[in-house]
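Below: one structure, written as structure tokens.
The values are calculated or read from the model by the stated rules, or taken from the named source; none is laboratory data. Just so we're clear, the structure is a prediction, and the values are computed from it rather than from any experiment. In this analysis, Cβ positions are derived from the backbone assuming ideal geometry, glycine residues included, and neighbour counts consider all displayed protein chains.
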Amino acid sequence: MPKKVYEPVGHHYIVEASGCNSKVIRSVERVQDILVKAAEIAGAKVWAISFSKFPPSGVSGVVVISESHISTHTWPEQRYAALDIYTCGSHVDPEKAVVYALEGFGAATSHITEITRGIDEGDWKFFHSFVTWEEDFKKHLSKSEDKR
């Protein structure tokens with residue numbers, strides 16, 4: 001008898017975004033707008049939004065969605081943003097949120113880990129698996145300049 005295939009509970013993306021546009025990722029309003037739109041593009045329902053600016057110029061925030069969350073912390077002085085996108089269920093496409101956020105932040109490169117969470121083989125003993133990859137969006141972007 002073939003083994004029944006079970007759907008995972010969720011997908012969790014851990015994203016390191018390098019070479020971001022420092023003007024974008026230092027703005028609370030722009031970062032918030034990008035992540036709320038990323039949630040909507042992914043098909044998620046937004047429930048709560050909280051973003052703040054931290055010294056010297058970083059932005060931290062979370063978009064709480066029915067399916068879990070999208071969060072970030074940015075370091076404009078290093079042109080770096082850390083993203084955490086977790087969704088559960090099968091009607092949301094978190095990868096769309098990842099792509100939209102990276103484009104919105106103007107990332108030159110990213111290191112992405114996708115963790116498939118809550119995998120069950122029918123015994124209610126859950127585990128996860130992961131895959132990691134790199135994306136290179138722009139060639140020859142110098143460390144000291146934003147080409148935007």
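Would you check which residues across segment 108-131 are exposed (fewer than 15 other Cβ atoms within 10 Å of the Cβ) and of a type in the set (K, R) and list them? Hit for segment 108-131 is K125, nothing else. Taking the listed residues A101, A97, A82, the one that is surrounded by fewer than 17 Cβ atoms within 10 Å (Cβ to Cβ) and under 13 Å from L35 (Cα atoms) is A82, with no other qualifying.
Among the residues of this structure, E103 counts as one that is closer than 22 Å to F137 by Cβ and either more than 11 Å from the chain's Cα centre (by Cα) or outside any loop (DSSP other than H, G, I, E, B) (or both). Within this structure, V31 passes the test of being of a type in the set (V, I, T) and either within 12 Å of V15 (Cβ to Cβ) or touching a strand residue (DSSP E or B) at 6+ places or on another chain (Cβ under 6 Å) (or both). As a summary of the residue check, Q78 satisfies the conditions (1) touching a strand residue (DSSP E or B) at 6+ places or on another chain (Cβ under 6 Å); (2) closer than 18 Å to E16 by Cβ except for the one numbered (1).
More than 28 Å from Y6 (Cβ to Cβ), among the β-branched types (V, I, T) and buried (at least 16 other Cβ atoms within 10 Å of the Cβ): does that describe T74? Taking the combined requirement at face value, the residue satisfies it. Somewhere in segment 11-21, is a residue in contact with a His (Cβ under 7 Å, 6 or more places away or on another chain), on the phi < 0 side of the Ramachandran plot and surrounded by fewer than 17 Cβ atoms within 10 Å (Cβ to Cβ)? Within segment 11-21, one or more residues are in contact with a His (Cβ under 7 Å, 6 or more places away or on another chain), on the phi < 0 side of the Ramachandran plot and surrounded by fewer than 17 Cβ atoms within 10 Å (Cβ to Cβ). For first residues located in segment 75-99 and farther than 15 Å from A42 by Cα, partners that are modelled with pLDDT under 95 and not in a helix (DSSP H, G or I) and lie 6+ apart or on another chain with Cβ distances below 8 Å form the pairs P76/S57; E77/P56; E77/S57; R79/K143; R79/D146. For segment 82-94, indicate whether the set of residues that are out of contact with any strand residue (DSSP E or B) (no Cβ under 9 Å at 6 or more places or on another chain) and of a type in the set (S, T, Y) is non-empty. Checked against the condition, which is being out of contact with any strand residue (DSSP E or B) (no Cβ under 9 Å at 6 or more places or on another chain) and of a type in the set (S, T, Y), segment 82-94 yields at least one hit. What do you reckon, is L83 touching a Leu at 6+ places or on another chain (Cβ under 9 Å), part of a helix (DSSP H, G or I), under 19 Å from S110 (Cα atoms) and at pLDDT 95 or above? Judged against the criteria, L83 is not a match.
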